[in-house]
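Here's the structure we're looking at; comments come further down.
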Amino acid sequence: MRSDLRLIADTIPPESRVLDVGCGDGSLLGFLKSDKRVDGRGIELSMAGVRECVSNGLSVIQGDADTDLEAYPDDAFDFVVLSQTLQATRRPREVLENLIRIGNKAILSFPNFGHLGVRWSLALGGRMPITGNLPDNWYDTPNIHLCTIHDFLNLCEDIEAEIEEAVALGANGLPLGYSACALRANLLAPQAMFVLKKR
């Protein structure tokens, strides 16, 4: 399991109600189900991902974060997880609003496009950056809304989301030892994880 998913799993108490949006192959849900006895559900866009999850006994449906979260009632889950997916949504503001509406808490992780390596690659190389966290060429990347940590903090302020936890992550997904709200995080952290709730 990826390091950032392990960090997310450590944030979720046993026996919680969890919705993993964009759950991929279900590795986080599978871990939470077996090790923390959570009541876990998943939404995944790709049919291949849904099939893999279902074949592993996970409760996952095909769905789109941009359109299908609106159908969920308020406070339906203790935690809603969106890992490495926000930048690939068509309507990230609405997706984030729905996450904190349907979950008591939302846990997000995303790549930081303000990171020094990304800036350096674009400024000096003159080409869209390819890094460990951004491995795709510009023409085949799923990322359509590139944001920095500062952009994300502004969005949280705009939608009145309270930040409970902010962790700056290295390229390997491990914590860097300082908050993602620190000024240096926007420049030095390749990715970040946040825990949010409604104000």
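If we count chymotrypsin sites (Phe, Trp or Tyr not before Pro) as exposed when they sit in a DSSP loop and have at most 15 other beta carbons within 10 Å, what is the longest stretch of the chain that avoids them all? Each step should come with its number before you reach the end.
Details: sites that count: TRP138, TYR139.
Longest stretch, sites excluded: 1-137.
Suppose a student asked you for the relative contact order of region 8-128, using Cα pairs under 8 Å spaced at least 6 residues apart; what percent would you report? Reported as a whole number, the value is 22 percent. Along the chain, counting only GluC sites (Glu not before Pro) with a DSSP assignment other than H, G, I, E or B and at most 14 other Cβ atoms inside a 10 Å radius, the longest segment between sites is 16-159.
With helices as the sole contributors, the chain gives -9000 deg cm²/dmol at 222 nm; each DSSP H run of n ≥ 4 counts as -39500 (n - 2.57), and the sum is divided by every residue.
Would you mind counting up the charge near ASN186? Only other residues with Cβ under 13 Å from its Cβ, with Lys and Arg at +1 and Asp and Glu at -1. Don't jump to the answer; show the numbers that get you there.
On the way: positive: ARG119, ARG184; negative: ASP151.
Computed value for this residue: +1.
Computed on protein heavy atoms with a 1.4 Å probe, the accessible areas place ARG127, ARG51 in the order ARG127, ARG51, largest first.
Does the chain come out rounded, prolate or oblate by the C-alpha gyration tensor, with a ≥ b ≥ c the root eigenvalues, rounded set by a/c under 1.5 and, if not, prolate when a/b is larger than b/c and oblate if not? Here the chain falls in the prolate category. Springs join every pair of Cα atoms under 10 Å in this Gaussian network model of the chain, and among LEU124, LEU99, LEU86 the largest mean-square fluctuation is at LEU124. Between region 120-199 and region 44-96, the C-alpha centres lie 20 angstrom from each other. Remark on LYS105: its backbone amide H falls under 5 Å from those of PHE79, VAL80, a criterion applied only to residues 5 or more positions apart or on other chains, H modelled at 1.01 Å from N.
Accessible surface computed residue by residue for region 115-199, with neighbouring protein chains in place and a 1.4 Å probe, gives 58 Å² per residue. A crude spin-label estimate for the pair ARG2 and SER55, with each label 7 Å from Cα along the Cβ direction, gives 2.1 nm.
Quick one: go through region 64-79 and flag any residue whose amide nitrogen is under 16 Å from the point 7 Å out along the Cα-to-Cβ line of ILE159. From region 64-79, the list is 64-77, 79.
First compute the accessible area of region 42-199 with a 1.4 Å probe, then give the percent of it belonging to carbon and sulfur atoms. Write out the running numbers ahead of the final one.
On the way: 4260 of 7830 Å².
Using a 1.4 Å probe with all protein chains present, region 42-199 comes out at 54 percent carbon and sulfur.
The values are calculated or read from the model by the stated rules, or taken from the named source; none is laboratory data. Quick caveat: nothing in here was measured; it's all calculated off a predicted structure. With ideal geometry, Cβ positions are generated from the backbone for all residues, glycine too; neighbour counts draw on all protein chains shown. These area figures cover heavy atoms from the full protein model, side chains too; ligands, DNA and RNA do not enter into them. Shrake-Rupley method; radii C 1.70, N 1.55, O 1.52, S 1.80 Å.
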